[in-house]
Amino acid sequence: MHRNVTNAIRQIMDEWLPPALRDSKWFMYPFFYYWYRGDKATMDAYMNFKARVYTMSKTEYEDFYVNKRRNSRAASRPTDLNDACIQFMVANFHPEATSLIDIGCGNGFFLNKVAQLGKYELHGCDVMETKELGAGIQYHQGNIEHLPFADKSFDIVTCHHTIEHIPNLDRAIAELKRVARRQIMIVTPRQRYYYYTLDEHVNFFPEQGNLEFLINISDHQCLNLDGDWMYVGYVE
């Protein structure tokens, strides 16, 4: 299901329904049943994720993302990015940049979009051990809380639909800023907190100020593009 469609559905459910109904386990159960293809073990894991995530070991946490998500209907979606965010990023890359890394790169959808420009040395980083992202794109295994790179390694650091999943969020943001030489681009949902959400989100940013305070880069932009926050910070 396209990101723009799921954002529209989320907007209706999160903003129009009474909270007592929206966050009822019994009301949400049919949605989980559909989204996780009736796999009850997976449904249980996701419906109770927010209660478990802070006690998971690093191995358990990474296994959850690598294996459990395969049963989700989101697994077949080529990207979590909406079209407006993709277009904005490509149009606003730092003019002096020659290298870019995508942290939480998934299947490399965004990196392959950037590769079409033929202008950048491209890298992807995620928790999987190996990943073929495409010709000319170098893959690195790593956790966002402990990135395996030196300070200021890449001109542009992008991170899409990842920070909403990270328990140790301050550490993750510090790492993104540490490895960036010129520019950081972060995309995350504009979403209210509910316990029962059809995702693995533990961080929620309903207001622009929440995100701006967290990232704390003085020279920045933060835009609401079709239901997702598009944050661009200049770290030079």
Name the shape class, rounded, prolate or oblate, that the alpha-carbon gyration tensor gives for the chain, where a ≥ b ≥ c are the square roots of its eigenvalues, rounded holds for a/c under 1.5, and otherwise prolate holds if a/b is larger than b/c and oblate otherwise.
prolate
Residue 119 versus residue 77, label points 7 Å from Cα toward the beta carbon: distance in nm?
2.8
What ranking of 202, 157 emerges when the number of other C-beta atoms within 10 Å of each C-beta is taken as an exposure proxy, fewest first?
202, 157
If neighbour count is taken as other Cβ atoms inside 10 Å, put 159, 222 in order from fewest to most.
222, 159
Neighbour net charge for residue 217 - beta-carbon separation under 13 angstrom, K R +1, D E -1
0
If you line up the long axis of helix 169-179 against the longest principal axis of the chain, both from Cα atoms, how many degrees apart are they, to the nearest 10?
20
Along the charge dipole of the chain, Cβ charges K/R +1 and D/E -1, which of 74, 57, 86 sits furthest on the positive end?
74
Expected vector for the stretch 152-162, Karplus 3J(HN,Hα) from phi with 6.51, -1.76, 1.60 and θ = phi - 60°, integer Hz, x for Gly and Pro, equals 6, 7, 9, 4, 10, 10, 10, 8, 10, 6, 10
Specify the inter-centroid distance of the stretch 1-74 and the stretch 120-146, based on alpha-carbon positions, in whole Å.
26
Would you list 130, 197 from fewest to most Cβ contacts within 10 Å?
130, 197
Helix 58-67: angle to the longest alpha-carbon principal axis of the chain, degrees 0 to 90, nearest 10?
80
Lys and Arg at +1, Asp and Glu at -1: neighbours of residue 101 with Cβ under 15 Å from its Cβ sum to +2
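Values in this text are rule-based calculations from the coordinates and carry no lab data. Keep in mind the model is a prediction, meaning the values are calculated, not measured. Glycine also receives a Cβ, built like all others from the backbone with ideal geometry; neighbour counts cover every protein chain displayed.
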